[in-house]
Amino acid sequence: MLEIRNVNRVFGEKRAVDDVSLTIEKGGFVGIIGRSGAGKSTLLRMINRLQDVSSGTISWNGKDVTKLKGQELRDWRASCAMVFQQFNIVGRLDVMTNVLMGRLNHTTSVRSLLKLWTPEDRAIAVSALEQFDITALAGQRAESLSGGQQQRVAIARALVQEPEIVLADEPIASLDPRNTKVVMDALQRLNKHFGITVICNLHDLDIAKDYCDRLVGMAQGRVVFDGAPDELTESAARELYGLEAHEAMTVLPPTAAAAAAPLPVPA
């Protein structure tokens with residue numbers, strides 16, 4: 001269980017996250033929604049400890065992660081994997097090597113520098129590539145891939161970390177509708193097939209409602225909505241997004257299964 005208690009993050013005079021308290025059960029798919037600047041990314045970065053809290057505590061299964069240092073902090077970041085908007089993969093390296101980078105906390109520094117990956121590490125990486133249908137891309141330079149393919153590589157890299165949580169920070173912001181669905185399906189697979197808790201920052205409300213089992217709405221650094229997707233009314237969405245509400249509510253492309261379904265035969 002992830003417990004966030006009275007967490008604040010202050011940058012100078014600006015309070016980016018303002019007294020946020022949340023409890024997230026293991027195995028959930030939680031969407032953090034709200035307009036740009038609402039504090040969504042800062043919250044995720046504090047959970048992963050890429051940024052420190054100004055005050056408050058964040059704990060996982062009773063362990064206070066805000067106090068971790070050294071190897072314990074590295075272990076936490078391995079078990080709390082990040083997926084970023086801009087992929088954060090190394091373009092000049094091939095796909096397999098990028099995915100194997102997720103095994104860094106499971107090997108020695110010398111072995112990783114010399115790329116002396118164990119057969120077990122390679123088997124885990126191949127299995128992750130297979131999960132997201134990108135095995136055929138293993139030998140290609142990452143920079144040659146489409147945005148959707150690069151994001152799937154980033155998700156595969158997160159999977160080989162053997163995480164308990166995956167934090168996805170606007171993972172579809174730069175993708176077209178087709179690749180948006182491919183990436184969201186990949187995150188859903190992490191959650192449903194592997195039982196990994198997924199916390200995903202999203203701007204598009206329809207996508208958030210379609211994939212997430214819980215939505216947390218943020219505005220000006222505070223939590224202003226927390227509930228099931230069907231509890232988020234249009235008026236609540238407009239309160240969250242203001243004049244941007246019409247931009248946040250777009251229609252998700254139909255699934256391949258729905259597109260292929262036969263039309264009903266008239267009686």
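Miscellaneous remarks
- Heavy atoms of H193 accessible to a 1.4 Å probe, total area in Å² rounded to 10: 110
- Summing +1 for each Lys or Arg and -1 for each Asp or Glu among the other residues whose beta-carbon sits under 9 angstrom from that of D18 gives +2.
- Accessible area per residue for the chain, computed on protein heavy atoms with a 1.4 Å probe, is 48 Å².
- Per-residue SASA remark: T57, around 60 Å² accessible (1.4 Å probe; ligands, DNA and RNA not included).
- Gyration tensor (alpha-carbon) shape descriptor, region 147-190, a/c threshold 1.5: prolate
- Helix runs (DSSP H) in the chain reaching 15 Å along axis by Cα, Kyte-Doolittle at least 0.0: 147-160
- Subtracting the Cα-Cα distance of Q86 and T118 from 0.36 nm times their residue separation leaves 8.6 nm of extension gain.
- Heavy-atom accessible area for E239, with the other protein chains in place and a 1.4 Å probe, reaches approximately 150 Å².
- Vicinal HN-Hα couplings computed from phi for region 26-32 (Karplus, 6.51 cos²θ - 1.76 cosθ + 1.60; Hz; Gly/Pro x): 4, x, x, 10, 10, x, 9
- Three-way shape label, region 57-190, alpha-carbon gyration tensor, a/c 1.5: oblate
- Take the Cβ atoms of S146 and D213, set R0 to 35 Å, and the FRET efficiency comes out at 0.75.
- Spin-label model, N6/A236: points 7 Å from Cα along the beta carbon direction are separated by 2.7 nm.
- Using a simple spin-label model with pseudo-atoms 7 Å out from Cα toward Cβ, K67 and H193 lie 3.9 nm apart.
- Protein accessible area in the chain, 1.4 Å probe - carbon and sulfur %: 52
- Shape of the chain, Cα gyration tensor, a/c cut at 1.5: oblate
- Nearest-0.05 FRET efficiency for S127 and S55, computed from C-beta distance (R0 25 Å): 0.05
The values are calculated or read from the model by the stated rules, or taken from the named source; none is laboratory data. None of the values given here were measured: they were computed from a predicted structure. Quick reminder, even Gly has a Cβ in these numbers, built from the backbone with ideal geometry, and neighbours come from all protein chains shown. In case anyone asks, the SASA skips ligands and DNA or RNA and just uses the protein heavy atoms, side chains included. Shrake-Rupley method; radii C 1.70, N 1.55, O 1.52, S 1.80 Å.
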